[in-house]
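First up is the structure itself, then whatever we jot down about it.
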Amino acid sequence: MRANCSSSSACPANSSEEELPVGLEVHGNLELVFTVVSTVMMGLLMFSLGCSVEIRKLWSHIRRPWGIAVGLLCQFGLMPFTAYLLAISFSLKPVQAIVVLIMGCCPGGTISNIFTFWVDGDMDLSISMTTCSTVAALGMMPLCIYLYTWSWSLQQNLTIPYQNIGITLVCLTIPVAFGVYVNYRWPKQSKIILKIGAVVGGVLLLVVAVAGVVLAKGSWNSDITLLTISFIFPLIGHVTGFLLALFTHQSWQRCRTISLETGAQNIQMCITMLQLSFTAEHLVQMLSFPLAYGLFQLIDGFLIVAAYQTYKRRLKNKHGKKNSGCTEVCHTRKSISSRETNAFLEVNEEGAITPGPPGPMDCPRALEPVGHITSCE
């Protein structure tokens with residue numbers, strides 16, 4: 001609502017309107033630069049992750065898509081239902097409830113592919129799930145939103161960001177396809193690219209998190225309820241995804257992959273949908289949730305990676321101690337065996353040098369080394 005004033009110098013509303021476009025333009029330019037840079041970096045990162053994908057394993061997931069089916073069930077079954085239950089349990093306002101539901105209906109984000117690589121997950125399944133969930137979002141997002149908001153009274157229609165979904169698909173499939181080709185033609189070089197991409201991915205996650213918070217610092221509010229939901233929502237996704245994968249008898253590697261894919265949502269798609277569907281007044285109350293969700297899913301992902309790497313290191317040390325113990329035992333047995341052999345040869349040599357039957361004093365002395373070694377055993 002704008003105030004009706006005749007003098008632009010006396011009306012503060014008009015003066016703010018003169019200054020507002022400049023700020024918006026600067027903010028828009030920064031957001032555009034950040035979006036372009038992050039898109040390019042994400043494309044390079046997906047290219048490096050594609051170097052870990054094998055055509056044979058990828059084709060096996062497509063031929064028998066049990067893991068993909070479980071992932072899609074988690075993505076568009078568990079997550080929207082969890083969002084609906086959280087909105088009802090915390091008695092959220094309509095504006096807050098719809099943003100939680102939109103986040104739950106979004107497809108998986110590419111951040112899950114990075115964390116999956118760090119926990120030795122199934123990269124072929126991870127990239128397949130991300131691609132399939134993004135394609136399925138074209139129909140599943142409006143369907144889930146319609147089903148869960150059917151009893152709600154919305155004042156305006158929601159706009160599905162189909163263009164953003166298409167851009168995500170292009171940025172995902174094309175770099176991954178090039179990475180798969182490089183891994184097929186030059187497997188040794190692809191391992192080097194993969195190691196570099198893992199380091200770059202970690203730096204990119206930190207840069208995106210910090211830059212996203214700084215660019216949208218005006219959208220943060222102090223609503224403790226939304227912050228609480230943004231903290232527990234990704235955790236519920238990780239746990240329920242892991243349990244469902246375990247219940248369907250998936251391997252441990254696939255369980256870790258499906259867990260990370262379930263809890264990691266496409267934050268950019270949620271923000272785009274909010275910007276297309278709601279006014280600036282509502283956005284101030286709504287944008288804090290996807291930003292907090294993105295921050296907490298980064299923290300959860302790093303904690304999961306740290307826990308897995310710690311477990312892996314302890315398991316490796318445990319096996320190393322067992323192997324070293326076995327090596328010492330084998331070395332000791334070899335040493336004892338060599339001593340017995342030398343003693344036996346010495347006895348035979350003495351028997352061969354001394355002619356005739358041995359005297360009464362010769363047998364104990366000849367058998368003394370063997371008896372000594374036997375007692376040591």
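Structure values in brief
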{"read-out": "Solvent accessible area, Å² - Cys51, 1.4 Å probe, full protein context", "value": "10 Å²"}
{"read-out": "Built amide H within the under 5 Å cut-off of Gln265, gap 5+", "value": "Gly109"}
{"read-out": "Segment 32-305: C-alpha gyration tensor shape, a/c 1.5 cut-off, then a/b vs b/c", "value": "prolate"}
{"read-out": "Accessible area in the full protein assembly, largest first, 1.4 Å probe, for Thr110, Thr134", "value": "Thr110, Thr134"}
{"read-out": "Average accessible area per residue (Å²) across segment 32-305 - probe 1.4 Å, nucleic acids and ligands excluded", "value": "47 Å²"}
{"read-out": "Listed residue pairs exceeding 25 Å between alpha carbons, taken from Lys57/Lys195; Lys191/Lys312; Lys57/Lys322; Lys195/Lys312; Lys191/Lys316", "value": "Lys57/Lys322"}
{"read-out": "Within the accessible area of segment 32-305 (1.4 Å probe), percent carbon and sulfur", "value": "72 percent"}
{"read-out": "Gain in span if fully extended, Lys191 to Ala69, counting 0.36 nm per residue against the direct Cα distance", "value": "41.0 nm"}
{"read-out": "Accessible-area order (highest first, 1.4 angstrom probe) of the listed residues Glu54, Glu261", "value": "Glu54, Glu261"}
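The values are calculated or read from the model by the stated rules, or taken from the named source; none is laboratory data. Predicted model, so just to flag it, every value in this text is computed and none were measured. Only protein heavy atoms, including side chains, enter the accessible area calculation; ligands, DNA and RNA are left aside. Shrake-Rupley method; radii C 1.70, N 1.55, O 1.52, S 1.80 Å.
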